[in-house]
């Protein structure tokens, strides 16, 4: 195999939009790490100061500055996998740990080069396609999963055969304003966690000054315990593409990016094929669907391992080749997004929901929720549960229905001690709250947690919750970008207080310190990471005071 | 400078020519870098790929000494393509018709032939500057230290006049002063043609005013320049008093310089160090240095600022004004009974129209840029606003001339000289400051890697550098900062006295030496 | 700010008082102007607001969380509280967190212009020392350069150095490596400053609020006796005319700091202005007048003898060769008074214009 020269790599990417990440990946794929020479070439080609580029490269987990760094195996040590063989794999493979890689429904993922292998010990490792959502267990009508289990849905023929791109055709017969109005009317809210009304967002971008406008699909699914976007993209990639194309039509955007997390290399290949198919069919490119003047391109940009890049400001900085710190807000991406121009940033699931809504109407989507609630939510359920996987639930479904009726409850002989909410960001629910809450923000927030991206990890009564909390906080500390003081120092101090390496030993002082740090982090952090991390300690203190007391006793001993 | 430093965030297009600003005026350069971050564009013309060139939108690596050709070529394109500001030309200038006619033969192709540039780049530069809403020219010694220094400056004026880039914010013709108070020295009348405040000596009114003030008849003819004076040493000049200049090392043609100073009957030197020049003096008087004395200095944007004493003078060092006054008093010259720097400065304010509104106390906070023609005047950050001092701006019909020396068979390489960031002038100050050697401990000759091979030199080895006036030995450093066929070094190191080599010619009007161009031979030398 | 924006004046309520502001101002700027003491560590008014330290948080009515006042634009009708009990407590906690990752040390002000900022805030805000104990961040760099100390044990990752190097100096020599608690301020490839794009202008040193970056040259004087004094003057090198503060201890000139309000430089200097001042008190300085003796050598004499001899020489030449034979060269490096007296010496003394300065060198 001939090696591409520096110049060939540079020329391949220099003129492309958002070129930094793909160019770095190209050099790393060639050399198996990022050499000094590679960084000098990239700095020169993209006019990024060398020091800044160096700093940015060191920010990402998966850019390696050590020889052969890329081929060194990386083993998921997420909250679920660590109970399912992480440690053995690390030893056996002489590997490095990596944060949750989004395979909690079929642990344990090992990333080697550009391949994901699955297994619980070194001998059983093999490539394995990601699991489909379990068959619709409640018999309740689904939105984004309605057709995902159908054979061949990932190809354009399969997609079109099952009604795909009909929504786009329908929308193109009407004015963009009416598309925006329909989405607004449906009350679709951002399904990545923040819950901002999607129609409102599209409307703001449509009305904002400045061109070209951009559609960004946030597929940087980095929240531990979340793997719904992976499933959506693996089995129904065209739904997301169609959603993005609809957004482009609604807003007048001409370029789109899918920011895909590094840990999903198989998904990358599936998306590349889907985009090529859509292009060939005239659904991307110029005069889309025969509509004169409707031009839109989609580019995949692969992340490089940084949880914070799921935060939209960081994501946009990362795309632009800048240091991926969150941005100060205001201004917001709807007016000052990618390259400071109006930009829609939505999650995979949000885009996937748009085509069915266009097809079936706003009333239909509203009616999918239970009671007062509107619509559905894909939930990634994993951990100590009989049938882990992605479930699309109507908002308002009781948590216990999902846990026990749909997913079979805890492993036999165990009982559920706690579940995490919003992956890890929402902290834990435990005790009687497990039986009381319904799956919607008002209910869950009333308990001090939040549903967010709806990763739910189940911890049965065998688990030491202080240890679980420590692992969670260590994750946040590891992923804190380091920009704002409360998060950078606070996540680290809380981690130390959970593993006993720092902090007072007396219970009351311990609680005071943890409360003070948590309060200030929640109130003053610059982005959601620092605001959410203390949910871990708060819920631990709330539901498991005896376990905290035992921890402090063991530390003082 | 016609415009203030704070104006440097306003231009749309910078045209930097003959200025290695990041090394010679680093703090001013930071303002350009900031402006570029905000979206301004920059054209850099310089024979060397200086750091500014690296951040320029258009870099023009012209041959040393070919500036006039480039500027004529640009003016040609501006006229040809209708980029001239006809309203400005009509209202504020004189001689435009002749000038536009004069430009006709100077096509970009003609200019390309002389400068070695690509004609398309010359056109592009002309269009960038010509189309700018606010175009600002910045230059330094790379423009003036030529036999055609005046022609160079006039060519820049022509460009600014024809595009209306004068007298407004973010425009102008802005030479950067190289020394902390070279502006103040001129303001104070230390020039052969002007009394303080640039009042011409040949104006009878001025002559009368100063003859009265100074209590004696003063010539109405201007004096000779320093360069001429050095040539006249031992002929018509027999005594000199030199303040704070290491003439021997900083002036061109060192052998000539030494001979001149040795021919004097009497040489008095006022300085802070016993320099090479001091060794030729009859009397050497120790002056106070920076931080040891109060005083006034004027920066490149004509801002009048106070110097203040922080520490006592070393030994018996005395302020320059005190030393000169003492000699004057001993010669019975009246009017030197000053008690302080304040007395002296206030006297200047009283007789200089550009300082009329100032006095020692008013400049406490450095708010004023001269001219300040009356009390309560706010100062003049931008010159030539509304109208030029002399009425209309006059176009000059400049023509290109070759440098005094061009490369030939015997001296086939261009040498150009300049400064480096870490060293100042002859290193009397930077060379005596701890740590500077860590970054720059010796001088070296910047040679393009292809020339290192061609001339059979060794990177890191030594070379003999020979001009018609002498030879110096210097370490070789391969660098693509200098183009093939041109080598560069600074004049800062006494052990590499480059000024032995330079001094091939002088501008006929200013008598500024052509330090930027000289033809040399470069040969390998033993360690 | 242009005239139209300036005309658009709005008001907001700041701590129960109505204050007016211009479009584009941040809450922090409005509060500053109104004389409120809002603490910050990552703020440098020359730099784009960054929002890292969060000390400047204020309570905004209607907002769930406090907002960073430095990055939040003021809006008409806002109701802002700069100093509620809750806000004060958050600030104290933030400062205690910052203090917890720094070694206990008072920093010598010789380290840099802003080096006292952290210490001053700790004192002012009733910070309990020793809270939140744990690991400390930052690894000091063994950089051997003689100008800039890189004592990252004291670094609080406010990024002022990174930003001043990029935004003000335009050198982009400094960067941040890694992330979170492992964040480390460094250069390209984590090397010495000498091997980076650094030009040793010293701006990073002077904006550092903890003295983690220190002026090594000034620090030589840490053990010298005497009070540290500052005297405003102007840099002696090029013509830009940067204002400086001369640092002195008793009779010693020990360092230079840029004047943050210097009109030409606004806090910037270059390597020469910042670090090349030792010449002033160098042993090579001329300290006594010298005259050439009959032996052809220069000899130290007292002022009277030297001045007499200087005058005598001119008198002789005047007599022998006439008044045009005397020539004066003023300096572009000395103050106006030197140049003025020199030209007056020639004009009033000899009635000629035989005077020039060294601008043609």
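Can you report the number of residues in the stretch C:109-134 which are over 24 Å from the mean Cα position of the chain (by Cα) and either outside the structural domain of residue C:174 (by TED's automatic domain parsing) or surrounded by 14 or more Cβ atoms within 10 Å (Cβ to Cβ) (or both)?
Qualifying residue count for the region: 6.
Please pick out the residue among B:348, B:296 that is in contact with a helix residue (DSSP H, G or I) (Cβ under 7 Å, 6 or more places away or on another chain) and either assigned to a helix (DSSP H, G or I) or surrounded by fewer than 18 Cβ atoms within 10 Å (Cβ to Cβ) (or both).
B:348
Residue by residue through the stretch B:391-410, note down the ones that are in contact with a strand residue (DSSP E or B) (Cβ under 7 Å, 6 or more places away or on another chain) and exposed (fewer than 12 other Cβ atoms within 10 Å of the Cβ).
B:408, B:410
Conditions: (1) closer than 23 Å to residue A:305 by Cα; (2) modelled with pLDDT of 95 or more; (3) in contact with a helix residue (DSSP H, G or I) (Cβ under 8 Å, 6 or more places away or on another chain). Residue A:191 meets all but one. Number of the miss?
(2)
At pLDDT 95 or above, on the phi > 0 side of the Ramachandran plot and in contact with a strand residue (DSSP E or B) (Cβ under 6 Å, 6 or more places away or on another chain): does that describe residue B:189?
Criteria met by residue B:189.
Evaluate the following for residue B:219: is it in contact (Cβ under 8 Å) with a residue 12 or more places away in the chain, buried (at least 18 other Cβ atoms within 10 Å of the Cβ) and closer than 17 Å to residue B:503 by Cβ?
no
Just checking: which of the strands (runs of 3 or more DSSP E) contained wholly in the stretch A:62-123 hold 3 or more residues that are surrounded by 18 or more Cβ atoms within 10 Å (Cβ to Cβ)?
The strands (runs of 3 or more DSSP E) meeting that bar are A:74-76, A:109-112, A:115-118.
Does the stretch B:256-269 contain at least one residue that is at the interface with chain C (Cβ under 8 Å from one of its Cβ atoms) and either at pLDDT below 95 or part of a helix (DSSP H, G or I) (or both)?
There is no residue in the stretch B:256-269 that is at the interface with chain C (Cβ under 8 Å from one of its Cβ atoms) and either at pLDDT below 95 or part of a helix (DSSP H, G or I) (or both).
Residues being assigned to a loop (DSSP other than H, G, I, E, B) and farther than 15 Å from residue C:287 by Cβ: count how many of those fall in the stretch B:276-288.
Counting residues in the stretch B:276-288 that are assigned to a loop (DSSP other than H, G, I, E, B) and farther than 15 Å from residue C:287 by Cβ gives 4.
Please enumerate the residues belonging to the stretch B:214-236 that are at the interface with chain C (Cβ under 7 Å from one of its Cβ atoms), assigned to a loop (DSSP other than H, G, I, E, B) and closer than 19 Å to residue B:262 by Cβ.
B:236
Could you say which residue among A:473, A:457, A:521, A:531 is crowded, with 22+ Cβ neighbours inside 10 Å, within 11 Å of chain C (Cβ to nearest Cβ) and at pLDDT 95 or above?
Step by step, each of A:473, A:457, A:521, A:531 is checked, and only A:521 is crowded, with 22+ Cβ neighbours inside 10 Å, within 11 Å of chain C (Cβ to nearest Cβ) and at pLDDT 95 or above.
May I ask you to verify whether residue B:304 is facing chain C (nearest Cβ under 7 Å), surrounded by 24 or more Cβ atoms within 10 Å (Cβ to Cβ), in contact (Cβ under 8 Å) with a residue 60 or more places away in the chain and farther than 20 Å from residue C:306 by Cα?
no
Scanning for something over 25 Å from residue C:119 (Cβ atoms), within 11 Å of another protein chain (Cβ to nearest Cβ) and surrounded by 19 or more Cβ atoms within 10 Å (Cβ to Cβ), does the stretch C:72-93 turn up at least one residue?
Yes: one or more hits.
Looking only at helices (runs of 4 or more DSSP H) that fall completely inside the stretch B:77-187, which ones have 1 or more residues that are away from chain C (no Cβ under 14 Å)?
In the stretch B:77-187, B:86-92, B:96-103, B:108-115, B:119-131, B:141-144, B:149-163 are the helices (runs of 4 or more DSSP H) which contain 1 or more residues that are away from chain C (no Cβ under 14 Å).
Would a scan of the stretch B:41-49 turn up a residue that is touching a residue at least 12 places away in the same chain (Cβ under 8 Å), under 21 Å from residue B:143 (Cβ atoms), in contact with a helix residue (DSSP H, G or I) (Cβ under 7 Å, 6 or more places away or on another chain) and part of a loop (DSSP other than H, G, I, E, B)?
yes
Can you tell me which residues in the stretch C:221-264 are more than 7 Å from chain B (Cβ to nearest Cβ), surrounded by fewer than 23 Cβ atoms within 10 Å (Cβ to Cβ) and not in a strand (DSSP E or B)?
The answer is C:221, C:222, C:223, C:224, C:225, C:226, C:227, C:250, C:260, C:261.
Yes/no per residue for (1) closer than 30 Å to residue B:178 by Cβ; (2) more than 8 Å from chain B (Cβ to nearest Cβ); (3) surrounded by fewer than 17 Cβ atoms within 10 Å (Cβ to Cβ); (4) in contact with a strand residue (DSSP E or B) (Cβ under 9 Å, 6 or more places away or on another chain):
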| site | (1), (2), (3), (4) |
| --- | --- |
| C:279 | yes, no, no, yes |
| C:291 | no, no, no, yes |
| C:301 | no, yes, no, yes |
| C:320 | no, no, yes, no |
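Whether any residue in the stretch C:53-62 is closer than 26 Å to residue C:125 by Cβ, outside any loop (DSSP other than H, G, I, E, B) and touching a residue at least 40 places away in the same chain (Cβ under 8 Å) is what I want to check.
No, the stretch C:53-62 contains no residue that is closer than 26 Å to residue C:125 by Cβ, outside any loop (DSSP other than H, G, I, E, B) and touching a residue at least 40 places away in the same chain (Cβ under 8 Å).
Select from the stretch B:282-291 the residues that are within 7 Å of chain C (Cβ to nearest Cβ) and over 17 Å from residue B:425 (Cβ atoms) and write down the one among them that is surrounded by the fewest Cβ atoms within 10 Å (Cβ to Cβ).
Going through the qualifying residues, I end up with B:282.
Being buried (at least 24 other Cβ atoms within 10 Å of the Cβ), modelled with pLDDT under 95, within 7 Å of another protein chain (Cβ to nearest Cβ) and closer than 27 Å to residue B:177 by Cβ narrows it down to one of C:332, C:328, so name that one.
When all the criteria are applied, what remains is C:332.
Quick check on the stretch C:193-202. Is at least one of its residues more than 30 Å from residue B:182 (Cα to Cα), in contact (Cβ under 8 Å) with a residue 60 or more places away in the chain and in contact with a helix residue (DSSP H, G or I) (Cβ under 8 Å, 6 or more places away or on another chain)?
no
For the stretch C:135-155, name all the residues that are at pLDDT below 90 and either surrounded by 20 or more Cβ atoms within 10 Å (Cβ to Cβ) or on the phi > 0 side of the Ramachandran plot (or both).
C:137, C:138, C:141 - these are the residues of the stretch C:135-155 that are at pLDDT below 90 and either surrounded by 20 or more Cβ atoms within 10 Å (Cβ to Cβ) or on the phi > 0 side of the Ramachandran plot (or both).
If you go through the stretch A:205-217 one residue at a time, do you hit one that is assigned to a helix (DSSP H, G or I), within 24 Å of residue A:303 (Cβ to Cβ), at pLDDT 95 or above and in contact with a helix residue (DSSP H, G or I) (Cβ under 6 Å, 6 or more places away or on another chain)?
yes
Which members of the stretch B:351-390 meet the condition of being in contact with a strand residue (DSSP E or B) (Cβ under 8 Å, 6 or more places away or on another chain), more than 19 Å from residue C:338 (Cβ to Cβ) and not in a loop (DSSP other than H, G, I, E, B)?
B:353, B:369
The values are calculated or read from the model by the stated rules, or taken from the named source; none is laboratory data. None of these values were measured; they are calculated from a predicted model. As a convention, Cβ positions derive from the backbone with ideal geometry for all residues, glycine included, and neighbour counts pool all protein chains shown.
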